[in-house]
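What follows is a short report on a single structure.
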Amino acid sequence: ATPAAPEPKREAPHYEKVWYGYQTLIADGISFGTLIGGIASKSGGVTTAGYLGFLFVTPIIHMVHGNVGPGFGSIGIRFILPLLSLGVGAIAGLIVGGTSGSGDFARFANGANGAVNGAVIGGLIGVAGCVAIDAAGFAYTKERVDDRSITRGPRRPQPWFTLAPSLDVQKDRAAFGVVGRF
């Protein structure tokens, strides 16, 4: 009897980490710009579009990349972190700035009391924290590469669909949404 030929050795698959945080940063920049533009123009629709964009567009980007868990984590931190930091800022503002002045958010830094000033600053720090956590911590995928493609550079799979944020601001309306190609 002849011995059986040995099985060919299979190499373990190789993976590389791919960062897509630039997509989340662009989406957050558009959302935050829309939010600030809505507040400055006193347009409730534009403000709402910017806020909803901040809450949901970046988590959708994570989910499109196959990162469903980080997508839901992103929604969670976007609801909790700004509110938490707003509260901490308000308490710190009361301690440092006291209660003299107006309690109106529209008077931020111009006659508002310490709680309002602290709340606004704390809320902005919370928003910045969300953006940083999303881009630096959540926005990675692992892509499988084979040995041949390592020498030539990583092979990028072609997406079977794409999604992107959409913003349309007119004089009397604003729309914020997601557009895609299937």
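The values are calculated or read from the model by the stated rules, or taken from the named source; none is laboratory data. Predicted model only: the values in this text are computed from it and were never measured. Positions of Cβ are generated from backbone atoms using ideal geometry, with glycine treated the same way; all protein chains shown enter the neighbour counts. Ligands, DNA and RNA are stripped out before the accessible areas are found, and what is left, the full protein with its side chains, is counted by its heavy atoms. Shrake-Rupley method; radii C 1.70, N 1.55, O 1.52, S 1.80 Å.
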What are the ³J(HN,Hα) couplings of segment 36-48, residue after residue, when phi is run through the Karplus curve with 6.51, -1.76, 1.60 and θ = phi - 60°? Round to Hz, x for glycine and proline. 5, x, x, 5, 5, 8, 6, 9, x, x, 5, 4, 4
The FRET efficiency for residue 124 and residue 15, from their Cβ-Cβ distance with R0 = 30 Å and rounded to 0.05, is 0.20
Under 19 Å from the Cα of residue 171, which lysines turn up, not counting those fewer than eight places away in the same chain? 42
Treating cross-link reach as a plain straight distance, find the aspartates and glutamates whose alpha-carbon is under 18 Å from the alpha-carbon of residue 142, omitting any fewer than eight places away in the same chain. 11, 16, 134
Could you give the accessible area per residue of segment 1-77, probe 1.4 Å, as a whole number in Å²? 61 Å²
Label-point separation in nm, residue 181 to residue 168, each point 7 Å along Cα→Cβ: 1.9 nm
Go ahead and run the numbers for FRET between residue 100 and residue 48, Cβ-Cβ distance against an R0 of 25 Å, rounding to 0.05. 0.15
What number comes out for the charge environment of residue 51, summing +1 per Lys or Arg and -1 per Asp or Glu over other residues with Cβ under 13 Å away? 0
If R₀ is 22 angstrom, what is the calculated FRET efficiency for the pair residue 91 and residue 36, using the beta carbon separation as r and rounding to 0.05? 0.30
Just subtract the alpha-carbon distance of residue 7 and residue 55 from 0.36 nm times their residue separation and send over the number in nm, one decimal. 12.1 nm
